[in-house]
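Enquirer: Before I ask anything, here is the structure I am working with.
What follows is calculated from the coordinates using simple rules that are stated; it is not laboratory data. For clarity, every value in this text was computed on a predicted model and none was experimentally measured.
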Amino acid sequence: MNPPKVTDEDYINFIIATPRDVTATEAGRVQPESRDAPAHDAFTRLLQRFEPDPETLLTEARTHKSI
């Protein structure tokens, strides 16, 4: 099994920095160019590993900013 390419801190920083589009696709799109840059699938897998589930996380994020 390969280690994850993104961490919860990576995703949290993305949520804080993005003005409106909080999606895995957008998170993958805005990553710095590199040979091993994480794609949107890496963020999707990260969200599936989170407790609570991704929907609860998004609901919590909405309480802190207008999404």
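Enquirer: Here are several values of Cα Rg over 2.2 N^0.38 Å: (1) 1.09; (2) 1.20; (3) 2.02. Which one was derived from the coordinates shown?
Expert: (1)
Enquirer: Which angle from 0 to 90°, rounded to the nearest 10, does the C-alpha axis of helix 8-17 make with the longest principal axis of the chain?
Expert: It is inclined by approximately 60 degrees.
Enquirer: Ok, one more. In degrees between 0 and 90, to the nearest 10, how far off the longest principal axis of the chain does helix 40-49 point, with axes built from Cα atoms?
Expert: Roughly 60 degrees between the two axes.
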